[in-house]
Amino acid sequence: SVPFLIRLFPSLLTKFVYLNFLAFPFFVDFRRPELLLNNTISLHLTTEPGVTVGIWHTVPGSRGAEAQGKDQRWYEEALADAHPVIIYLHGNGGTR
């Protein structure tokens, strides 16, 4: 019956393959990454009109003491300094 259901409802296949309806760990607010990860802030980039991409900016542990208590502006300026930036693309799981 599973192949028959997938044939009738192809969106079920994507739900079960990618499990993008699950947010793990459970009961965590992903809009506030500073509660999960040290030296991390949530930012939003507008890539084109009507499209906004949410990102997390995490500074390395070597700059952790410097980042303590800083606001969003400090994190944005840290992106523009001479330190390298590593972009991690999490895939199509639906959450960061």
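The values are calculated or read from the model by the stated rules, or taken from the named source; none is laboratory data. Computed from a predicted model, the values in this text were never measured in an experiment. No Cβ is skipped: glycine too gets one built from the backbone with ideal geometry, and neighbour counts run over all protein chains shown. Keep in mind that these areas ignore ligands, DNA and RNA; they rest on the heavy atoms of the full protein, side chains included. Shrake-Rupley method; radii C 1.70, N 1.55, O 1.52, S 1.80 Å.
In the stretch 12-55, carbon and sulfur make up what percent of the accessible area (probe 1.4 Å)? It would help to have the intermediate numbers written out before the result.
Working: 2270 of 3560 Å².
Heavy-atom surface of the stretch 12-55 belonging to carbon and sulfur, 1.4 Å probe: 64 percent.
Length gain on complete extension for the stretch Val28 to Ile55, per 0.36 nm per residue less the alpha carbon to alpha carbon distance? Working shown, then result.
Numbers: separation 27, 0.36 × 27 = 9.72 nm, distance 1.65 nm.
Here the segment from Val28 to Ile55 would lengthen by 8.1 nm.
When all protein chains stay in place, what accessible area (Å², nearest 10, 1.4 Å probe) is found for Val2?
Using a 1.4 Å probe on the heavy atoms, I get roughly 90 Å².
With a 1.4 Å probe and all protein chains in place, put His57, His44 in order of accessible area, largest first.
Details: His57 25, His44 120 Å².
Per-residue accessible area, sorted high to low, gives His44, His57.
Just the number please: accessible area per residue for the stretch 21-79, 1.4 Å probe, all protein chains included, in Å².
Details: 4390 Å² over 59 residues.
Value returned for the stretch 21-79: 74 Å² of accessible area per residue.
Loop only per DSSP, at most 12 neighbouring Cβ atoms within 10 Å: give me the chymotrypsin sites (Phe, Trp or Tyr not before Pro) in the stretch 18-64, ordered by residue number.
Working: sites: Tyr18, Phe21, Phe26, Phe27, Phe30, Trp56; in loops: Phe21, Phe26, Phe27, Phe30.
The qualifying sites are Phe21, Phe26, Phe27.
With only alpha-carbon atoms counted, please give the Rg and Dmax of the chain, in Å.
For the chain, the Cα radius of gyration and maximum Cα-Cα distance read 18.1, 58 Å.
Run lengths n ≥ 4 of DSSP H only: what is the helix-derived mean residue ellipticity at 222 nm for the chain, with -39500 (n - 2.57) per run over all residues, to the nearest 500?
Numbers: 4 runs with 28 residues, N = 96.
Result for the chain: -7500 deg cm²/dmol, rounded to the nearest 500.
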